[in-house]
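I have placed the structure first, in the form of structure tokens, so that the comments after it can refer back to it.
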Amino acid sequence: MDLRKSKYVLPNLFTLSSVFFGLFAIVSVFDGSDVGIRRAAIAILVAMVADGLDGRVARMTRAETKFGVQLDSLADVVSFGVAPAILGYAFALRLFDVEGGVLGLAIAFVYAAGGALRLARFNVMAERHRKPTPWFTGLPIPAGAGIVATLAWGLVDLGVTPEARVAPMAGTMVAMGLLMVSNVRYRSFKHVRMGLVARMAVLVLFAGLIIAMLKTRASYTLLAFGAAYVFLGPAEWLVTVVLRRRSVWRPEDEE
């Protein structure tokens with residue numbers, strides 16, 4: 001194999017491993033037990049790690065290609081769109097449809113459709129903006145998938161009854177679907193160049209995350225960490241709106 005071409009294979013292998021774990025999550029849901037739900041949630045989180053590594057590896061080896069971008073989007077639809085939707089439906093939303101209803105399926109569709117639209121918009125915007133930007137428009141689909149997965153995992157760890165799972169899962173999946181197609185901006189850390197102090201801060205943050213996972217439940221810690229990122233976008237948007245209004249308003253306008 002030509003060594004110059006072989007460097008393009010490694011990022012795609014990480015992308016395909018993300019598809020594998022997404023498929024593993026879907027199959028695990030068929031188990032019908034809380035063990036299967038927990039296994040599916042963890043598989044989605046592992047898929048997130050693989051998805052993050054494929055881009056990093058591609059940039060490190062200078063192996064970014066249009067083929068890789070399209071493959072990554074297709075993988076994300078499976079691992080972070082379809083798999084979490086099926087997980088949420090099997091875990092809780094199916095109770096809406098026990099008597100022939102379709103509300104649970106509709107909620108799962110809102111999430112999956114929001115993720116697909118989010119990816120399509122991302123690809124179009126990436127074509128327009130050749131240079132990387134520090135922002136995502138709309139919640140990134142891996143973040144939405146992580147919230148759904150850790151919520152299901154956390155509710156299992158809490159021992160919540162099937163009936164009590166419906167409301168939080170339904171509300172979360174609708175919220176994630178709408179945030180993904182919204183114009184709320186989220187910070188992108190893909191191309192951040194960190195100095196020594198920033199790297200030390202990241203290490204301390206991850207050390208604290210690991211300690212919290214060991215002291216409590218991993219599901220609770222990961223859910224809190226993901227929720228903080230989800231709320232960061234609307235919070236920064238709200239602060240921006242307030243600051244803009246203050247800059248436009250002047251005290252003499254009321255005199």
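Do we find that Val174 is part of a helix (DSSP H, G or I) and either within 14 Å of Gly81 (Cα to Cα) or modelled with pLDDT under 95 (or both) in this structure?
yes
Are any residues in the stretch 44-84 surrounded by 18 or more Cβ atoms within 10 Å (Cβ to Cβ) and among the charged types (D, E, K, R), and if so, which ones?
Correct list: Asp51, Asp54, Asp72, Asp76.
For residues in the stretch 130-164 being touching an Asp or Glu at 6+ places or on another chain (Cβ under 8 Å) and among the aliphatic types (A, V, I, L, M), which is surrounded by the fewest Cβ atoms within 10 Å (Cβ to Cβ)?
Within the stretch 130-164, the match that is surrounded by the fewest Cβ atoms within 10 Å (Cβ to Cβ) is Val156.
What single numbered condition from (1) assigned to a helix (DSSP H, G or I); (2) under 22 Å from Trp153 (Cα atoms) fails to hold for Gly32?
Here Gly32 clears every test but (1).
Only one of Leu13, Leu23, Leu45, Leu74 is modelled with pLDDT under 90, in a helix (DSSP H, G or I) and among the aliphatic types (A, V, I, L, M). Can you tell me which?
Leu13 is the lone residue from the list that is modelled with pLDDT under 90, in a helix (DSSP H, G or I) and among the aliphatic types (A, V, I, L, M).
Only one of (1) buried (at least 19 other Cβ atoms within 10 Å of the Cβ); (2) modelled with pLDDT under 95; (3) among the hydrophobic types (A, V, I, L, M, F, W, C) fails for Leu87. Which number is that?
The failed condition is (2).
For the stretch 174-188, give me each residue that is of a type outside the set (Gly, Ala, Ser), over 8 Å from Gly114 (Cβ atoms) and surrounded by fewer than 17 Cβ atoms within 10 Å (Cβ to Cβ).
Scanning the stretch 174-188 gives Val174, Asn183, Arg187.
So, of the residues in the stretch 132-166 that are outside any helix (DSSP H, G or I) and either of a type in the set (Lys, Arg) or touching a helix residue (DSSP H, G or I) at 6+ places or on another chain (Cβ under 7 Å) (or both), which turns out to be nearest to Ser219 (Cα to Cα)?
Leu139
If we scan the stretch 19-27, do we find a residue that is closer than 21 Å to Gly159 by Cβ, over 14 Å from the mean Cα position of the chain (by Cα) and of a type in the set (A, V, I, L, M, F, W, C)?
no
Cβ-Cβ below 9 Å, separation at least six or inter-chain, first residue in the stretch 10-25 and touching a residue at least 60 places away in the same chain (Cβ under 8 Å), second of a type in the set (Lys, Arg): which pairs?
Hits for this filter: Ala25/Arg39.
Is it the case that some residue within the stretch 58-70 is part of a helix (DSSP H, G or I) and among the hydroxyl-bearing types (Ser, Thr, Tyr)?
No; the residues of the stretch 58-70 include none that is part of a helix (DSSP H, G or I) and among the hydroxyl-bearing types (Ser, Thr, Tyr).
Regarding Gly115, is this residue surrounded by fewer than 18 Cβ atoms within 10 Å (Cβ to Cβ) and either farther than 27 Å from Pro11 by Cα or touching a residue at least 12 places away in the same chain (Cβ under 8 Å) (or both)?
No, not satisfied.
The values are calculated or read from the model by the stated rules, or taken from the named source; none is laboratory data. Just so you know, these numbers come straight off a predicted model, no measurement behind them. With ideal geometry, Cβ positions are generated from the backbone for all residues, glycine too; neighbour counts draw on all protein chains shown.
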